């Protein structure tokens, strides 16, 4: 993988349960087909999910026809950079995993905003118990 993250390193996986990414490969890869720029690796919160639903981007409801399981708080998901910025501007940004956020997110979102909402998420969140 030659894509880079917003902190200049190799792009790290965002999530595999559920499997995220425009290409459903676990990464926030952004090819030419990804017109929405699914570049921000965000950790879902109840507030972010409710906000997205309120602006017409329902990420909670399963859509089997699109192989979409529906998201819950705690899930990591590659979100559209513009949608993340909209949530930030509305006061409900989702936490961001910088190492897994594609550098192309910087075309839409300033790095300072992503850093302000950065969170470290271990590969196995169950280890936090």
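The values are calculated or read from the model by the stated rules, or taken from the named source; none is laboratory data. Fair warning: this is a prediction, and the values are worked out from it, not measured in the lab. Heads up, the Cβs are rebuilt from the backbone with ideal geometry, glycines too, and the neighbour counts pull from every protein chain shown.
Here are the numbers for the structure shown:
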item: Flag for residue 79 being at pLDDT 95 or above, under 18 Å from residue 17 (Cβ atoms), crowded, with 21+ Cβ neighbours inside 10 Å and in contact with a strand residue (DSSP E or B) (Cβ under 6 Å, 6 or more places away or on another chain); result: yes
item: From 114, 85, residue being in contact with a strand residue (DSSP E or B) (Cβ under 6 Å, 6 or more places away or on another chain) and surrounded by 12 or more Cβ atoms within 10 Å (Cβ to Cβ); result: 114
item: Qualifying residue in the range 61-69 (condition: over 22 Å from residue 98 (Cα atoms), assigned to a loop (DSSP other than H, G, I, E, B) and touching a helix residue (DSSP H, G or I) at 6+ places or on another chain (Cβ under 7 Å)); result: no
item: Members of the range 1-27 that are within 17 Å of residue 82 (Cβ to Cβ) and either touching a helix residue (DSSP H, G or I) at 6+ places or on another chain (Cβ under 6 Å) or without any contact (Cβ under 8 Å) to a residue 24 or more places away in the chain (or both); result: 6
item: Unique residue being in a loop (DSSP other than H, G, I, E, B), surrounded by fewer than 21 Cβ atoms within 10 Å (Cβ to Cβ) and touching a strand residue (DSSP E or B) at 6+ places or on another chain (Cβ under 8 Å) when the list is 36, 31, 56, 26; result: 26
item: Filter result for residue 14 (touching a strand residue (DSSP E or B) at 6+ places or on another chain (Cβ under 6 Å) and at pLDDT below 95); result: no
